[in-house]
Amino acid sequence: ATAAVVASVAVAVAVVLVVGHGVRSRQLPALRVAALEIGGKYVREGEDGVVVDRKTALRYMAANIELGRALSEEAAARGALVVVWPEDAIQGPFFGTRDSVSPYAEVLPPVGATACAQQQTLHGGNASIVALLSCTAAAANVVLVATMAEVTYCNNDADCPSDGRRLYNSLLAFNQSGALVHVYRKVNLYHEYQYDAGYARQQN
């Protein structure tokens with residue numbers, strides 16, 4: 001079923017839902033694919049001059065995911081089968097260093113896992129952003145596509161970066177049950193030096 005839904009992207013018409021710009025879903029036709037524009041709140045590193053801690057990063061990301069969740073459910077109510085969030089909708093694009101993006105990054109679960117089942121609260125900084133995205137897909141009953149920062153640790157690898165970690169700008173796809181079905185680590189064509197060059201992650 002998931003493959004059939006994803007295949008429908010090629011022939012579907014994408015409609016943009018805009019937060020805070022006067023566009024209402026009742027003005028839109030029935031959807032198959034919804035490409036969202038999420039007017040989130042982000043820390044601008046250049047303006048704030050600080051690297052936030054994990055708890056602060058989670059607070060921003062969770063608030064932005066709530067905006068995305070509401071729009072995803074709205075799109076689903078109009079018949080959307082696939083919902084695509086914009087790049088950087090969760091954590092924002094304002095990162096100049098690896099240290100500044102690191103608090104937003106997570107180790108991802110294996111492909112096939114349903115992170116929503118292991119969701120934790122935000123208290124104490126232990127929440128999983130992957131779990132929140134998984135729950136969003138399941139609650140809206142849609143295939144959800146979103147990007148987030150991914151981290152892996154590589155201290156023993158010959159080509160490991162000097163800080164002992166790889167940071168990826170990763171695109172994640174979840175099915176209607178909230179299972180993580182694919183991860184693509186972006187190549188970063190626009191010289192985002194805070195991230196490592198990515199590649200498609202193999203399914204388990």
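The values are calculated or read from the model by the stated rules, or taken from the named source; none is laboratory data. What you see is a predicted model; the values in this text were computed from it and never measured. Neighbour counts are summed over all protein chains in view; Cβ atoms, including those assigned to glycine, are modelled from backbone coordinates with ideal geometry. The area values use the complete protein model at the heavy-atom level, side chains included, leaving out ligands, DNA and RNA. Shrake-Rupley method; radii C 1.70, N 1.55, O 1.52, S 1.80 Å.
Which number in (1) surrounded by 14 or more Cβ atoms within 10 Å (Cβ to Cβ); (2) over 13 Å from the mean Cα position of the chain (by Cα) marks the one condition that GLU150 misses?
It is condition (2) that GLU150 fails.
Can you name the number of the only condition in (1) closer than 16 Å to GLN91 by Cβ; (2) β-branched (Val, Ile, Thr); (3) at pLDDT below 90 that THR147 fails?
Failing condition for THR147: (3).
Looking at region 53-84 only, could you name the residues that are in a helix (DSSP H, G or I), over 16 Å from the mean Cα position of the chain (by Cα) and not acidic (Asp, Glu)?
If the condition is that a residue be in a helix (DSSP H, G or I), over 16 Å from the mean Cα position of the chain (by Cα) and not acidic (Asp, Glu), then ARG54, LYS55, THR56, ALA75, ALA76, ALA77 are the ones that fit.
Among (1) in contact with a strand residue (DSSP E or B) (Cβ under 8 Å, 6 or more places away or on another chain); (2) modelled with pLDDT of 85 or more, where does TYR199 come up short?
Tallying (1) in contact with a strand residue (DSSP E or B) (Cβ under 8 Å, 6 or more places away or on another chain); (2) modelled with pLDDT of 85 or more, TYR199 fails exactly one: (2).
Which of the residues belonging to region 59-68 are buried (at least 21 other Cβ atoms within 10 Å of the Cβ) and either closer than 13 Å to LEU144 by Cα or of a type in the set (Lys, Arg) (or both)? Give the derivation first.
Of all residues in region 59-68, those buried (at least 21 other Cβ atoms within 10 Å of the Cβ) come to 61, 64-65, 68.
Matches in region 59-68: ILE65, GLY68.
So, in region 156-191, how many residues would count as being touching a residue at least 24 places away in the same chain (Cβ under 8 Å) and part of a loop (DSSP other than H, G, I, E, B)?
Residues meeting the conditions: 7.
Specify which of the listed residues (GLY96, GLY92) is modelled with pLDDT under 85 and over 25 Å from GLY178 (Cβ atoms). Lay out the reasoning, then the answer.
Working: GLY92 fails: over 25 Å from GLY178 (Cβ atoms).
After ruling out the rest, the residue left standing is GLY96.
Identify the residue in region 90-114 that is touching an Asp or Glu at 6+ places or on another chain (Cβ under 9 Å) and hydroxyl-bearing (Ser, Thr, Tyr) and, among all such residues, is surrounded by the fewest Cβ atoms within 10 Å (Cβ to Cβ).
THR97
Consider LEU36 carefully, then state whether it is open to solvent by less than 30 Å² (accessible area, probe 1.4 Å), modelled with pLDDT under 85 and more than 18 Å from the chain's Cα centre (by Cα).
The answer is no for LEU36.
Quick test of your reading of the structure: GLU87 fulfils all but one of (1) in a loop (DSSP other than H, G, I, E, B); (2) at pLDDT 85 or above; (3) open to solvent by less than 20 Å² (accessible area, probe 1.4 Å). Name the failing condition by number.
All conditions are met except number (3).
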